[in-house]
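Report on the structure given below.
Just so you know, all these numbers are worked out from the coordinates, no wet-lab data involved. A quick note: this is a predicted structure, and the numbers were derived from the prediction, not measured. Here the Cβ positions follow ideal geometry from the backbone for every residue, glycine too, while neighbour counts run over all protein chains shown.
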Amino acid sequence: MLFRSGGFLKAHPDIDVKLTTTDRLVDFTREDVDIAIRYGHGDWPGLDSWKVIRPVYTPLLNPKLTKGQALEKPSDLQLLPLLTETDDVLDWKAWFKAAGCSWRPSRRLVEFDTTQMAVAAAAEGLGVALGPPEYFAEELESGRLIQPFDIYIETEDAYHLVCPTGRADEPKIVAFRNWILDEAAKAEDRKSTRLNSSHVSE
């Protein structure tokens, strides 16, 4: 994943950290939660928010999936099983449009609850998933995943750090906010460098 809490723990050993992952929205009025990460436009009533990162998506797959056959052009991906997050078929259509080819997949889409699950399945060789390469740097570095084309699509929404209005100046929230926004800035610099020579479509 893009942001690993180990860096924050090393920088702030005096702050106790408890991480919870869930697909539901945290209810700050009922749960003992200080901050959360939400995906959307960034405008939520009763919350202060800071944009962390707007991910870009590109095809990722295990190299064994091609059985030694080279992927010479983007349309070649349509001969392979395509993995997607539920209700995100339009992302694949958008990517093929950005790549300059028609949407004619020869195989049925396989749907997963989350992008992380789809990319995990891709790493196991089950198909090709659209994912943000920054989130899966370890898998790309190890060779479990490859990125066959430098063609990306970018969503309108982004990941935001949020906390209840009125708590933004609490020291522990300030510390985490400064850390994650600094990490995000570094990731954005890497992304911008890569995208300067690539095609991005919103």
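Quick notes on this structure:
- 0 to 90° range, to nearest 10: angle between helix 89-98 axis and the chain longest Cα axis: 70 degrees
- Among the GluC sites (Glu not before Pro) in the stretch 1-88, those placed in a DSSP loop whose Cβ has at most 13 other Cβ atoms within 10 Å are Glu31, Glu72.
- In sequence order, the stretch 57-66 has phi-based couplings of 10, 8, x, 10, 7, 6, x, 5, 4, 7 Hz under the Karplus curve 6.51 cos²θ - 1.76 cosθ + 1.60, θ = phi - 60°, and Gly or Pro positions carry x.
- In the stretch 56-133, trypsin sites (Lys or Arg not before Pro) in a DSSP loop with at most 14 other beta-carbon atoms within 10 Å: Lys67, Arg107, Arg108
- Under 11 Å from the Thr29 label point (7 Å along Cα→beta-carbon), backbone N, the stretch 41-64: 46
- For the stretch 58-134 versus the stretch 20-43, the spacing of their alpha-carbon centroids is 29 Å.
- For the chain, the mean residue ellipticity at 222 nm estimated from helices alone is -8500 deg cm²/dmol, where every DSSP H run of n ≥ 4 contributes -39500 (n - 2.57) and the total is divided by all residues, rounded to the nearest 500.
- Note on Ala11 and Lys51: their simple-model spin labels are 2.1 nm apart, each label 7 Å out from Cα toward Cβ.
- DSSP assigns beta bridges within the stretch 22-162; of those with both partners inside it, close to 75 percent run antiparallel.
- Note on Lys18 and Arg107: the model spin-label points, each 7 Å out from Cα along the C-beta direction, lie 4.3 nm apart.
- Average Cα contact separation per residue, the chain, under 8 Å, 6 or more apart, as relative contact order %: 34 percent
- Cross-linked pairs Lys67/Lys186; Lys10/Lys64; Lys10/Lys186; Lys64/Lys186: Cα-Cα separations exceed 28 Å for Lys67/Lys186; Lys10/Lys64; Lys64/Lys186.
- Förster-model FRET efficiency, 45 Å R0, Thr165 and Gln69, C-beta, rounded to 0.05: 0.25
- Rounded to the nearest 10 degrees, the angle from helix 171-195 to the longest Cα principal axis of the chain is 20 degrees.
- The residue list Phe112, His160, Gln69 was ranked by how far each Cα lies along the charge dipole of the stretch 52-173 toward its positive end, using unit charges on Cβ atoms, and Gln69 comes out on top.
- The loop-placed GluC sites (Glu not before Pro) in the stretch 110-174, going by DSSP, that have at most 10 neighbouring Cβ atoms within 10 Å of their Cβ come out as Glu156.
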